[in-house]
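Working notes, structure below.
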Amino acid sequence: MMKQIALYGKGGIGKSTTSANLSAALSLQGCDVLQIGCDPKRDSTRMLMHGNFIPTVMDLVRERGDAQLKKEDVVHTGFHGIRCVEAGGPEPGVGCAGRGIIATFQLLEKFGALSGDVIVYDVLGDVVCGGFAMPMREGYAQEIYLVTSGELMSLYAANNICKAIKRLSSRVKSTCRLAGVICNAKDMPREEELVAEFARRVNSTLVQYIPRDRIVQLAELNKQTVIEFAPDSPQAGKYRALAAAVVKNNSLTIPAPLEIDALESLALEFM
Amino acid sequence: MPSNPLPLNSCRSGGCTLTGALSVTTSVRDSVSVIHGPAGCAHHNFSLLHATGLDNDHVAALNLISSGMQDMEVIFGGEDALGAAIRSAIRQDVSVVYVLSTCIVETIGDDVAAVCGRDWGVPVVRVPTAGFLGGSFQTGVSNALTAIAGTMPGRVLPKDPHIVNIIGEKNLEYEVEENYREVARLLALLGLTINVRFVHCTGINELAGLGEASLNILRDDEMQPVGDLLYRKYRIPSIPSFPVGLSGSLDFLKVTGDLAGIDPAPAISDEKDRQDSLLDGFSGTAGSMLRFSLTAPDLPANRAISEVIARLDLKVGKDGARVPMPPSPPVGTEGVRRMLHRWRRALNAGM
C-alpha cells in the first residue's frame with residue numbers, strides 16, 4: 001500500500017534537508033520514492049538532484065501550456081532512482097502560490113504521476129492558505145509530520161499546523177492525521193525533552209530527534225544528501241532511523257493544538 | 001476587509017462594484033472599459049447590461065474588453081494580461097480607457113494602479129472596483145463617477161448661470177429616460193437647461209464641460225459623496241435628489257430656484273395647475289380600494305404614494321385591487337401620472 005507523508009514546519013527549520021535525507025534513506029531501504037517540493041523556492045529536491053534545480057511544473061506550464069506537457073517533463077530521476085517533482089510558483093510578491101500548488105496536483109493526477117511506495121510532500125513553511133493545505137486533503141498525504149526545533153516560534157508554527165490538521169481531519173472524507181513530530185535540533189539545552197513534551201501535549205509522539213551536525217552543511221556544499229555524502233556518519237544513521245520509524249509508524253492521531261499561553265508555559269518549563 | 005455590504009434582498013438592487021461601475025463607464029462614448037479578470041466576469045456583465053438596455057428600449061453598444069485571466073494569470077499574477085488588454089483597447093482609437101478589476105485580481109494582489117499609471121499615450125483610468133471585495137453596486141457607481149471626475153480639468157468659471165448638470169443617473173433603472181425628461185421639464189420651468197449628464201450616453205468632450213455649470217442635480221442621496229467631490233473641485237452646489245411625487249416636485253422647484261437665484265413662484269404655480277389637472281383626470285378612481293404588490297422602496301416613495309392616495313381619496317385594504325408599487329420612487333409629476341395610469345389599469349381589470 002502506498003504511503004503518502006507530508007512534512008510541514010516553520011520556514012528555515014530544515015524541512016527540505018530532512019525530506020531529502022528521508023527520501024534517500026527510504027529509497028536505500030528498498031522503497032520506490034517520489035518527493036514533491038511544494039514551495040515556490042523550488043529547492044526541495046536539489047540535493048537529490050546533485051545540486052540541479054529541476055524545471056518546475058508551474059514554469060513548464062507557463063512556458064509550454066499544460067496540453068503540451070508529458071509526465072517525463074515534470075518528473076525527474078535523482079539519487080538512487082528517487083523521482084523528484086517541484087511544484088514551483090510565482091515570483092515573490094505576485095500571483096497566488098497556493099493556487100499553483102493546487103494546479104500542480106491536478107496536473108500530477110492527470111499524468112498518473114502520484115505513484116510508488118512512498119510519496120514525500122515537502123511543503124512551504126506554514127499552512128498560509130488553502131493551497132498549501134492541498135497535500136493534506138483527501139487522496140493525498142494521510143500522514144503529517146511536523147518538523148520543529150525547540151525554539152518557541154518553531155513550536156508555534158508546528159502548533160498552528162496542528163490546528164489545520166484538526167480542522168481538515170473533521171471532514172467526513174478526510175484521512176489526514178498527525179503522524180508525529182520530528183525534532184530538527186538547534187542545540188538548545190533540554191531541546192529533545194521539550195519537543196517530546198510538546199508532541200505529547202498535542203496528542204502525538206516524537207518520532208525522531210535529529211541533532212545539529214555540520215556534516216549536513218558539508219554534504220549540501222557537496223550537493224548531496226548526508227545519506228549519499230557520508231553514509232557512515234552518525235547523522236546518516238539518524239536519518240535512517242527516521243526512515244525506519246516512518247515506515248513502521250501506524251500511530252496516527254487527531255492533534256489537540258495548544259493555546260498560546262499553554263505553549264509559552266511549556267517553553268518556560270524547559271528553559 | 002469589507003463585511004457584506006449588500007441588502008438582504010439583493011436580486012434587483014444589489015450586485016458587485018464591477019456591475020455598478022460598468023453601468024457608468026460603458027455610458028461614456030468614445031471609451032472602452034477593460035475588465036481585468038476572468039472572461040466570465042465580462043460575459044455576465046455584458047449580458048446584464050445589454051438585457052437591461054433592451055428592457056429600456058435601448059440597444060446598448062457596449063465596448064468591453066476582458067483581460068481573460070486564467071489559471072496561469074492567477075498563479076503568476078495577471079498584470080501582463082492587463083497590459084495586453086489595455087494595448088488592445090488603445091488600438092480601438094478611443095479617447096479614454098477605463099480599467100475595472102474583479103474579485104480574483106484583488107485576492108491575488110495585482111497592482112492595477114501601477115499598470116494604469118504607465119505612459120499609454122491615452123488616458124487609462126483605474127476605477128476602484130475589485131468585484132464583491134470592493135463593496136456593493138452603488139459603491140461601484142460612486143467610484144466610477146469619482147474616477148471620471150478626477151480626470152476632468154480643474155476649476156473653471158461657470159459659462160452660464162442657467163445651466164445645470166445631472167449627476168449619477170441610474171442607467172440601469174426602468175424609465176431612466178422618462179425620469180430625465182421630467183427633470184429637464186421642471187428645470188425648464190425655471191429657465192434652466194441641462195449642461196452635462198454625468199454620466200448617461202455622454203461623450204468625453206461633453207464631460208470636459210462638467211465644471212461649467214452653476215448647479216448639480218443629484219439623482220438621489222446616494223450620490224452625495226460625488227456631489228461633495230464636485231463641490232470641492234468646482235464649487236458647484238448640489239440639489240440632493242430628483243423630485244419625488246407631487247409636493248416633492250414643488251419643493252424641488254422652490255429649492256432649485258432659490259439656489260439658482262431665480263424666483264420659483266411662477267414655476268410652482270404652473271406646476272400646481274398641472275398637478276391639479278392630473279388629479280382631475282384620475283378623479284374617477286376616488287373611493288377605490290387598493291392593495292400593493294410590494295412595499296414602498298423607501299421613505300420618499302412612501303410619502304409620495306400616501307399623498308396621492310389622500311388627494312384622490314383612495315383607500316388601502318387587503319380586499320382592494322392589487323396595484324403595482326413603482327420599483328423606484330415616482331419622479332416628478334409625470335412619474336406620478338405614469339404610476340396612476342398603471343393603478344387605473346389594474347383597478348379597471350379588477351385584479
- Which of the residues that make up the range A:193-230 are outside any helix (DSSP H, G or I) and without any contact (Cβ under 8 Å) to a residue 40 or more places away in the chain? A:L206, A:Q208, A:Y209, A:P211, A:R212, A:D213, A:R214, A:N222, A:A230
- Taking the range B:37-46 and keeping residues away from chain A (no Cβ under 14 Å) and either within 16 Å of A:C96 (Cβ to Cβ) or open to solvent by less than 50 Å² (accessible area, probe 1.4 Å) (or both) leaves B:G40, B:C41, B:A42, B:N45
- Note on the structure: How many residues of the range B:252-267 are part of a helix (DSSP H, G or I) and surrounded by 19 or more Cβ atoms within 10 Å (Cβ to Cβ)? The answer is 6
- Query: Which residue pairs have Cβ atoms closer than 7 Å, lie 6 or more positions apart in sequence or on different chains, and pair a first residue in the range B:334-350 that is farther than 17 Å from B:G245 by Cβ with a second residue that is of a type in the set (D, E, K, R) and open to solvent by 70 Å² or more (accessible area, probe 1.4 Å)?
  - Reply: B:A346/B:R322
- Residue identified as among the aliphatic types (A, V, I, L, M) and more than 28 Å from B:L215 (Cβ to Cβ) among B:M325, B:M339: B:M325
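Yes/no per residue for (1) within 30 Å of B:A149 (Cα to Cα); (2) touching a residue at least 24 places away in the same chain (Cβ under 8 Å):
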residue: B:L229; (1), (2): yes, yes
residue: B:P237; (1), (2): yes, no
residue: B:P240; (1), (2): yes, no
residue: B:I262; (1), (2): yes, yes
residue: B:I268; (1), (2): no, no
residue: B:Q275; (1), (2): no, yes
residue: B:I305; (1), (2): no, yes
- Selection from the range B:24-39 of residues modelled with pLDDT under 95 and in a helix (DSSP H, G or I) yields none
- Task: May I ask you to say which residue of A:Y145, A:Y140, A:Y121 is in a loop (DSSP other than H, G, I, E, B) and of a type in the set (F, W, Y)?
- Result: A:Y140
- Which of the residues spanning the range A:187-243 are farther than 18 Å from A:F79 by Cα, open to solvent by 60 Å² or more (accessible area, probe 1.4 Å) and among the acidic types (D, E)? A:D187, A:E192, A:E193
- Could you grab me the full set of residues in the range B:307-327 that are out of contact with any helix residue (DSSP H, G or I) (no Cβ under 7 Å at 6 or more places or on another chain) and in contact (Cβ under 8 Å) with a residue 40 or more places away in the chain? B:P327
- Message: Being closer than 30 Å to A:L28 by Cα, hydroxyl-bearing (S, T, Y), open to solvent by less than 40 Å² (accessible area, probe 1.4 Å) and more than 10 Å from chain B (Cβ to nearest Cβ): is that true of A:T56 here?
- Response: yes
- Task: Report, by residue number, each residue of the range B:54-85 that is surrounded by fewer than 17 Cβ atoms within 10 Å (Cβ to Cβ), in a loop (DSSP other than H, G, I, E, B) and within 14 Å of chain A (Cβ to nearest Cβ).
- Result: B:Q70
- Those residues that are over 16 Å from A:G112 (Cα atoms) and open to solvent by less than 10 Å² (accessible area, probe 1.4 Å), I need them from the range A:59-85; list them, please. A:L60, A:I82
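The values are calculated or read from the model by the stated rules, or taken from the named source; none is laboratory data. The shown structure was predicted, so the numbers you read here are calculated from the model rather than taken from an experiment. No Cβ is skipped: glycine too gets one built from the backbone with ideal geometry, and neighbour counts run over all protein chains shown. In case anyone asks, the SASA skips ligands and DNA or RNA and just uses the protein heavy atoms, side chains included. Shrake-Rupley method; radii C 1.70, N 1.55, O 1.52, S 1.80 Å.
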